[in-house]
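The values are calculated or read from the model by the stated rules, or taken from the named source; none is laboratory data. Remember, it's a predicted structure, so these values are computed and weren't measured experimentally. Virtual Cβ from ideal backbone geometry, glycine too; neighbours counted across all protein chains shown.
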Amino acid sequence: DAGVIQSPRHEVTEMGQEVTLRCKPISGHNSLFWYRQTMMRGLELLIYFNNNVPIDDSGMPEDRFSAKMPNASFSTLKIQPSEPRDSAVYFCASRGQGVSYNEQFFGPGTRLTVL
Amino acid sequence: SQQGEEDPQALSIQEGENATMNCSYKTSINNLQWYRQNSGRGLVHLILIRSNEREKHSGRLRVTLDTSKKSSSLLITASRAADTASYFCATPFGAGNMLTFGGGTRLMVKP
């Protein structure tokens, strides 16, 4: 398995532009998480999906942020409009069931820079 | 908000020495996990210890858990330059076993 796949790996955009981050979880995993990592705030959970349904989005910072999971193999995190304070590394992670219920598998992240 | 807090924030040792990192958390848990993050990469799960366990080993890793003190430690024995990374403790919360991560310990192992 290729692991969790994220694209793009790097994104540089200007303030006010729309940004879409993409994630493909590990096949067979039914839970998906979006995180944001910054030096100031560390690793923050933004949203959690289970079986493609958003379960907890209390970590989504503002209405400018939205996430979707149209099917079991794809999720997007969108920021519209983007602001410089959104600059961070965004990680997607997935989790399976059974004995691996606790372990999360992280993607390589998308480094977002908003100018 | 972060549930776990690692101590120290940064640690620099020589290859071959042992590295000990500590984690404190605030609420009751049923397990605690440790993850490693190499520079520019995603986090990788290292080990999980359950609340009814006091110590667990995996290769050169030794994890302890003291639920009365709400603390855990990660010991890396005979460290190698390749162990240079940030190490995070994580505790579950919510019905969906979501994770909250501590601020991490940055470990540098000098060859």
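Flag set for A:PHE65, criterion: more than 11 Å from chain B (Cβ to nearest Cβ) and of a type outside the set (S, T, N, Q). Only one of the numbered conditions (1) modelled with pLDDT of 95 or more; (2) closer than 25 Å to B:LEU32 by Cβ; (3) within 11 Å of chain B (Cβ to nearest Cβ) is violated by A:ARG36, and that is (3). Examine segment A:75-86 for a residue that is away from chain B (no Cβ under 11 Å), surrounded by fewer than 20 Cβ atoms within 10 Å (Cβ to Cβ) and assigned to a strand (DSSP E or B), and state whether such a residue exists. Within segment A:75-86 (the criterion being away from chain B (no Cβ under 11 Å), surrounded by fewer than 20 Cβ atoms within 10 Å (Cβ to Cβ) and assigned to a strand (DSSP E or B)), the answer is yes, since at least one residue qualifies. The number of residues in segment B:42-74 being assigned to a loop (DSSP other than H, G, I, E, B), without any contact (Cβ under 8 Å) to a residue 40 or more places away in the chain and surrounded by 15 or more Cβ atoms within 10 Å (Cβ to Cβ) comes to 2.
Residue-wise test of (1) of a type in the set (S, T, N, Q); (2) within 14 Å of another protein chain (Cβ to nearest Cβ); (3) out of contact with any Lys or Arg (no Cβ under 7 Å at 6 or more places or on another chain).
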site: B:GLN14; (1), (2), (3): yes, no, no
site: B:THR20; (1), (2), (3): yes, no, yes
site: B:THR27; (1), (2), (3): yes, no, yes
site: B:ASN30; (1), (2), (3): yes, yes, no
site: B:ASN52; (1), (2), (3): yes, no, yes
site: B:LEU75; (1), (2), (3): no, no, no
site: B:PHE93; (1), (2), (3): no, yes, yes
site: B:PRO111; (1), (2), (3): no, no, yes
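Restricting attention to segment B:44-76, the residues that are closer than 15 Å to B:LEU107 by Cβ and out of contact with any Leu (no Cβ under 8 Å at 6 or more places or on another chain) total 3.
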